[in-house]
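Have a look at the structure below before the remarks.
The values are calculated or read from the model by the stated rules, or taken from the named source; none is laboratory data. All figures in this text were calculated on a predicted structure; none of them were measured in a lab. Don't worry about glycine lacking a Cβ; one is built from the backbone with ideal geometry, like all the others, and counts go over all protein chains shown. Side chains are part of the model used for accessible areas, which takes the heavy atoms of the whole protein and leaves out ligands, DNA and RNA. Shrake-Rupley method; radii C 1.70, N 1.55, O 1.52, S 1.80 Å.
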Amino acid sequence: MKRKLLVQMAVAGMVCASGASAQDLVLGYLTAETGPFVSLSRSNEIAASIAINEINNAGGVNGRKLRYIAFDTAGNPGQTIVGLRKLAEDDKVLAIIGPFSSGQVQVTAPAADRIGVVTMSMASSAPKLVAGFKFAFRNTSDEAYMFERVMRTVRAKNYPMATGAVAYGNDDTISRVMGEKVIPGMMKKSGVDVRLSVDFKLAAFDMSAQVARLKATPTDLVGVGAPPEAAIKLAHEMRRQGHHGRLVAGSTINDPDLPARMGAAGNGTVIPSTFFADLNERTRKFAAEFQKRATALKVERTAPAQFDAATYDIVQFYAWAMKEAKVTGEPARLAAERDAIRARIASMKEFPALEGAISIGADHDALKPVYVLEMRDGKWTLLETHDPQR
């Protein structure tokens, strides 16, 4: 709790260093400082602060400073609704960063439409989750879109892929969707013979029984639907029992520190990402600033993940939309300006984002490049880049 408070106070200081004003343009931020994806979500606020500092140092938005008000949802859908209402109705923010997970987005998407305020998730990736909603968006590409590119790259590299199995968490929305639909569906579409599936509780300490079943029917690939912590346990137990199949997964395990945490057990693991820190000068500059701030805050992970980059870009999207719509932040214009932001986001095409050129598709998900990465000797290496919609 003390560490959490330290991080929140320090990040808030970065964002509001120049002093808050009634004339500021204010965003809301549904953070997730705890919960099943905390190793990926708790650092997102650092990225948001970098974006806001850059925007304000460049003159702000329409002559006004940009800032945000945070509400910690603890990764809980019920608490997320409380936070959405508080930010939208009490704080009267112009738009909302987040929430993080698919379970949270399931409840906020209809609520955002009822209230009339834009939300944009940086991580939710269950397929078609915000399609059909007016105010809900995601700066993510759904997992089917991402994992299809993983399988395409595995085939292009001539990695063994005749047979496959699936291992997934059964008590989390996106893990279950990955394990029951996305991974087996895309494996079969790619010509893989899916021979079995095992499931587990995300908090399970012992995965020996599930891995014993995988070992009894060895396969070239084992698709993983789970957050990083569960994937680490699974990989270590697989290697302990002598299963040598290659792990493939979606973005749910895309943690920059995973190669170090998983060790040799993870060598050969292939995943999709929408951010690669060593891609170009801009991404390297962002990664260096992120590392500097994370180190100062004593945050355990100091390398930015794709969800940090996505959070940074969400702030940039909102700033662009407010400039385009000439948003003033005047209370009497709140509903109209919220809708103007929505309209600009919905029509956004090839925005020059940190992650690459990003457009918003008809289903309100981001269309962005996919970088397929492989774990090798303690780090992620770039295997292939897929342009949007190709």
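Roughly speaking, to the nearest percent, how much of the chain's 1.4 Å accessible area is carbon and sulfur? Roughly 52 percent of what the probe reaches on the chain is carbon or sulfur. Counting only residues at least eight positions apart within a chain, or on another chain, the aspartates and glutamates with an alpha carbon under 13 Å from that of Lys215 are Glu237. The mean sequence separation of alpha-carbon pairs under 8 Å and at least six residues apart, normalised by the residue count of the chain, gives a relative contact order of 18 percent. From a point 7 Å beyond the Cα of Arg240 in the direction of its Cβ, which residues of the range 246-286 have a backbone N at a distance under 14 Å? Flagged as within label range: 265. The magnitude of the dipole of the range 144-236, with charges of +1 and -1 set on the Cβ of Lys/Arg and Asp/Glu and taken from the Cα centre, is near 360 debye. Rounded to the nearest 20 debye, the dipole size of the chain about its Cα centre is 220 debye, using +1 on the Cβ of Lys and Arg and -1 on the Cβ of Asp and Glu. Extension gain for Lys292 to Asp91 (0.36 nm times residue separation, less C-alpha to C-alpha distance): 69.2 nm.
Compute the acute angle (0 to 90°) between the alpha-carbon long axis of helix 2-15 and the principal axis of greatest extent of the alpha-carbon atoms of the chain; round to the nearest 10°. Roughly 50 degrees between the two axes. Projected onto its three principal axes, the C-alpha set of the range 220-377 covers 65, 38, 28 Å, listed from the longest axis down. Going by a ≥ b ≥ c, the root eigenvalues of the Cα gyration tensor, does the range 174-240 fall in the rounded group (a/c under 1.5), the prolate group (a/b larger than b/c) or the oblate group? Verdict is oblate for the range 174-240. For the range 261-315, the alpha carbon convex hull comes to 100 Å³ per residue, rounded to a whole number. Taking the Cα atoms of the range 296-390, the ratio Rg/Rh between the radius of gyration and the Kirkwood radius comes to 1.09. Per the Debye calculation on the chain with a single equal scatterer at every Cα and no solvent contribution, log₁₀ I(q)/I(0) for q = 0.13, 0.15 Å⁻¹ amounts to -1.01, -1.32. Considering only Phe200, Leu247, Ala47, the residue lying farthest towards the positive end of the dipole of the chain is Leu247, judged by Cα position with unit charges set on Cβ. Each Cα pair under 8 Å and six or more residues apart adds its separation to the average, and for the range 158-269 the resulting relative contact order is 29 percent.
The stretch between Lys181 and Ala264, if pulled fully straight at 0.36 nm per residue, gains 27.0 nm over its current Cα-Cα span. Among the trypsin sites (Lys or Arg not before Pro) in the range 151-225, those placed in a DSSP loop whose Cβ has at most 13 other Cβ atoms within 10 Å are Lys157, Lys201.
Compared with the dominant principal axis of the Cα atoms in the chain, helix 306-324 is inclined by about 30°. For Ile358, nonlocal amide neighbours, meaning residues 5 or more places apart or on other chains whose placed amide H falls under 5 Å from its own, are Glu350, Phe351, Ala353. Looking at the range 313-370, the GluC sites (Glu not before Pro) that sit in a DSSP loop and have at most 12 other Cβ atoms within 10 Å of their own Cβ are Glu350. In the full protein context, the range 101-209 carries 37 Å² of accessible surface per residue, based on a 1.4 Å probe and ignoring ligands, DNA and RNA. Highest mobility in the GNM of the chain, judged by mean-square fluctuation with C-alpha springs under 10 Å and restricted to Ser124, Ser101, Ser197, is found for Ser197. Pairwise Cα distances in the range 94-231 exceed 24 Å in 39 percent of cases.
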